[in-house]
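Take a look at the structure set out below.
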Amino acid sequence: EKSAKSSKKGGGGGKSDRVLSVHEIDAHYLQRLFSPHFEDADACARIADEALGVLSLKKSDRRDLRECENRLLVLLGFESFDSIKLVLNNRVRIWGVMGLKRARNDAERDEVEATLKGEPTGEGKRVWEELHSKSRAEDWTRERMRG
């Protein structure tokens, strides 16, 4: 079912180690990240949804990092390894922000918020605080306007 493109985009050292700002992640972040690897936009959207499920922090389906990496490798293929590393290094950020952006109602938003606040490493709480920091949002807006 994979229709991976033969040309590999991206790569380069350092990109996969980067910590993403919560402001550069939206509801379709994974789809854009994976799109260079897939011709079919619908297939890419399905794979992005599956990948988000793999990253889940909910207690009922939380996986350790190694299991996430293995599942993402099976889902995306080794040619997407740099993207997989970036996603794994920003797992809490991506899952939290995308979960909040995709929430269809207050109950879903509350569930994501509670999961972030209870995330054991403390990264979830930092993500929540970064999302709600007005000064950081204003700084981000200024930076984006400068180009």
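The values are calculated or read from the model by the stated rules, or taken from the named source; none is laboratory data. Predicted, not measured: the structure shown is a model, and the values here were computed from it. Neighbour counts run over all protein chains shown; Cβ positions are idealised from the backbone, glycine included.
Can you find a residue in segment 43-53 that is basic (Lys, Arg), modelled with pLDDT under 95 and in a helix (DSSP H, G or I)? It would help to see each step written out before you state the result.
Step one: filter segment 43-53 for residues basic (Lys, Arg), giving 46.
Add one more test, that the residue is modelled with pLDDT under 95, and what stays is none.
Checked segment 43-53: no residue is basic (Lys, Arg), modelled with pLDDT under 95 and in a helix (DSSP H, G or I).
What pairs can you find where one residue is in segment 12-37 and within 15 Å of residue 55 (Cβ to Cβ) and at pLDDT below 95, the other is crowded, with 16+ Cβ neighbours inside 10 Å and aromatic (Phe, Trp, Tyr), and their Cβ atoms are less than 7 Å apart, with a gap of 6+ or different chains?
Between residues of segment 12-37 that are within 15 Å of residue 55 (Cβ to Cβ) and at pLDDT below 95 and residues that are crowded, with 16+ Cβ neighbours inside 10 Å and aromatic (Phe, Trp, Tyr), there is no close pair.
Looking only at segment 54-69, how many residues end up being surrounded by 13 or more Cβ atoms within 10 Å (Cβ to Cβ) and assigned to a helix (DSSP H, G or I)?
Taking segment 54-69 and keeping what is surrounded by 13 or more Cβ atoms within 10 Å (Cβ to Cβ), we get 54-58, 62-63, 68-69.
In the following step, the residues that additionally are assigned to a helix (DSSP H, G or I) were identified as 54, 68-69.
So the answer is 3.
Taking segment 70-107 as the search range and keeping residues that are of a type in the set (S, T, N, Q) and over 19 Å from residue 132 (Cβ atoms), which one is surrounded by the most Cβ atoms within 10 Å (Cβ to Cβ)? Talk me through it step by step, then tell me what you get.
Just the residues of segment 70-107 that are of a type in the set (S, T, N, Q), to begin with: 70, 80, 83, 89-90, 105.
Restricting the remaining residues to those that are over 19 Å from residue 132 (Cβ atoms) gives 70, 80, 83, 89, 105.
Values: 70: 13, 80: 24, 83: 22, 89: 16, 105: 8.
Applying the filter and picking the extreme gives 80.
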